[in-house]
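Right, one structure below, let's go through it.
Values quoted throughout were computed directly from the atomic coordinates according to the rules given, and no laboratory measurement underlies them. Computed from a predicted model, the values in this text were never measured in an experiment. For neighbour counting, all protein chains shown are included, and Cβ atoms are generated from backbone atoms with ideal geometry for every residue, glycine included.
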Amino acid sequence: MLSGLVLSLTLTYPATIVPRNGSSRRIANGGRRKEILVLDAAAATLPRKSGSVDRLVRLAETDMAGVNRLITERMQSDVPIIPALAEHLIAAGGKRLRPLLTVAAARLAGSDNDHCLKLAAAVEFIHTATLLHDDVVDGSALRRGKVAAHLIWGGAQSVLVGDFLFARAFELMVETNSMKALEILARASRVIAEGEVMQLMRSHDLNLSQALYLEIIQAKTAELFAAASEAGAVSAGVDVAKTDALKAYGLQLGLAFQLVDDALDYGGATETLGKNAGDDFREGKATLPLLLAIARSGPREAEFWERAVGRREQTEADFRRARELIIGTGALDATLDLATDYADKAKAALAIFPADEWREALEDLADFAVSRRA
Ligand code: IPE
Ligand code: IPE
Ligand code: MG
Ligand code: MG
C-alpha cells in the first residue's frame, strides 16, 4: 500500500525524484537541470578556500556512531506512522553538521565524557523537526533527495511527527541533567519558530532590508548552529570565555551556511542539493541573492521582478532569467562574499583555543560552509 503510494508519487513528480548517490538517475526533463550547476562558473574567479568535513567526520566517528544509535533508538514509537515517517527523512542521511558541531565543541573544550552525545542527538532531532515543518510551510517537494514526507503522509501528519521529534529532543536534554544546556536549546527552538514566522510574513517583500534578512536567517538557522556549539561547550564544563567563543563560532558559521544555501537555490544543482533548486524563486522568497539583484536592476528588470516575485506570476522560463540576472549583476558573488566574511569570523572566534586537530577540523568546516554544493 505504502510502496504503491510512493510509486504513484514517483510518477507524479518525476522531475523531482533524484537519488542522492544513485547511478540510475532519471530526470524527466531530458537533463535540463544539469545546466543549473552554474555556481562554480559564476564564482570561479573569486579566491575562496575549499573546505571539507572529512577531517571532522573522521575525528568524530566514534562519537557520531553513538549519536546515530541514540537517534535510531529515540525515533521509535508504538504509533506506527511516527517511526515510518521519521525514518523516511532520517535514513536519507543529511550532513549531520549540527550534531557534529556539538561533539566537536565538547571535545575541543576538553570534554572526556559522553554527555555531549545526548545533546548532539537532541540537536539533530530539533533540526529534523524543523525540516518537517519547513517543507510543509514552503510547499517543498524534495528533501535529502527523497519525496518530502508531507507529500507521502500528508501535511498534518508531517507537522505532528515534527512535534514528536521536538518532544524527543527535550526528553534527551532532560536526561543530561543540565539546566544550562536545556535553556540554550529551548531558546534556540523558540527563536527558530520566530525566524520561520518572520520569514513567512515577509516572504514576497521585495523591499526587505538586508538587515532584516540577516535577522531572519540568524533566527531560523544560525541560532541552532550557535546553540549546538554552545551546548557542546557547556557539557564540557569549560569557562565562559571559551563557551562564548564556541557560541560565536556557531553563530557566524550558521549565517555563512544559510547565505550559501540561499545562493545554491540559484546556483546549485538539484542532484547534489537533494532539494529542488529554484524553490525560493518559485515561492517568491526574499533572499539576499534576489534582493541584491533587484537593487542592481534597471527599470525593465524591475518590472520582471515585480511580476515574477511580487505577484508570483511566473512562466517556466522565468527561473532561468532570474538566475541570469542574479549572476550577471554580481548578486550571487556578493552573497558568497558575505558568507566568506562570516566564515572567516567563525574561524577567528576559535583563536582562543590551542591549534589542535579539533580546532583545525572546525576551521575546515567553516570553509566547507562556503564551498559546499550539497
Ligand atoms: C537545511 O540544512 C536547512 C537549512 C538551514 C538550510 P542542512 O543542509 O544542514 O540539511 P541536512 O540535514 O544536511 O539535510
Ligand atoms: C531553513 O529554511 C531553516 C529551517 C528549516 C528552520 P529554508 O526553507 O531556507 O531551508 P530549505 O531550503 O528548505 O532547506
Ligand atoms: Mg524550506
Ligand atoms: Mg523555509
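Separation of the alpha carbons by more than 18 angstrom is noted, of Lys146/Lys285; Lys180/Lys242; Lys49/Lys247; Lys275/Lys345, for Lys146/Lys285; Lys49/Lys247; Lys275/Lys345.
Between Asp205 and Ala65, the distance separating the two model label sites (each 7 Å from Cα on the Cα→Cβ line) works out to 4.9 nm.
If neighbour count is taken as other Cβ atoms inside 10 Å, put His127, His150 in order from fewest to most. Don't skip to the answer; put the middle values down first.
Values: His127 21, His150 24.
Ordered by Cβ neighbours within 10 Å, fewest first: His127, His150.
The label-point distance for Leu212 and Glu303, in a model that sets each label 7 Å from Cα toward Cβ, rounds to 2.7 nm. For Arg48 and Asp114, the FRET efficiency from 1/(1 + (r/R0)^6), where r spans their Cβ atoms and R0 equals 30 Å, is about 0.25.
Computed over every Cα-Cα pair of the range 169-295 and binned at 10 Å starting from 0, the pair-distance distribution P(r) comes out as 13, 36, 30, 17, 4 percent.
Using the count of nearby Cβ atoms within 10 Å as a rough guide to exposure, how do Thr102, Thr128 rank from fewest to most? Walk me through the intermediate numbers first.
Values: Thr102 34, Thr128 23.
Exposure proxy ranking, most exposed first: Thr128, Thr102.
This ranking places Phe225, Phe368 by how few other beta-carbon atoms lie within 10 Å of each, fewest first, which gives Phe368, Phe225. Computed from backbone phi, the HN-Hα couplings of the range 76-85 come to 6, 7, 6, 8, x, 5, 5, x, 5, 5 Hz, rounded to whole numbers (Karplus: 6.51 cos²θ - 1.76 cosθ + 1.60, θ = phi - 60°; Gly and Pro given as x).
Shown in residue order for the range 201-216 are the 3J(HN,Hα) couplings computed by the Karplus curve 6.51 cos²θ - 1.76 cosθ + 1.60 at θ = phi - 60°: 6, 10, 4, 9, 7, 6, 9, 4, 6, 4, 4, 6, 4, 5, 4, 5 Hz (x for Gly and Pro).
Close amide H partners of Leu142, meaning residues 5 or more places away or on another chain with modelled amide H under 5 Å apart, are Ala148, Asn276.
Spin-label model, Ala241 to Asp163: label points 7 Å out along the Cα-to-beta-carbon direction sit 4.6 nm apart.
Sequentially through the range 322-329, phi angles give Karplus couplings (6.51, -1.76, 1.60; θ = phi - 60°) of 4, 4, 4, 5, 5, 6, x, 7 Hz, Gly and Pro residues having no value and appearing as x.
Return the FRET efficiency for the residue pair Thr315, Ala348: r is the Cβ-Cβ distance, R0 is 51 Å, and the value is rounded to the nearest 0.05. Before the final figure, lay out each step's value.
On the way: r = 45 Å, r/R0 = 0.89.
E between Thr315 and Ala348, to the nearest 0.05, is 0.65.
Normalised by 2.2 N^0.38 Å, where N is the number of residues, the alpha-carbon radius of gyration of the range 8-371 equals 0.97. Legend: P(r) of the range 128-211 from all alpha carbon pair distances, 5 Å bins from 0, whole percents, reading 3, 13, 19, 18, 18, 14, 10, 4, 1, 0.
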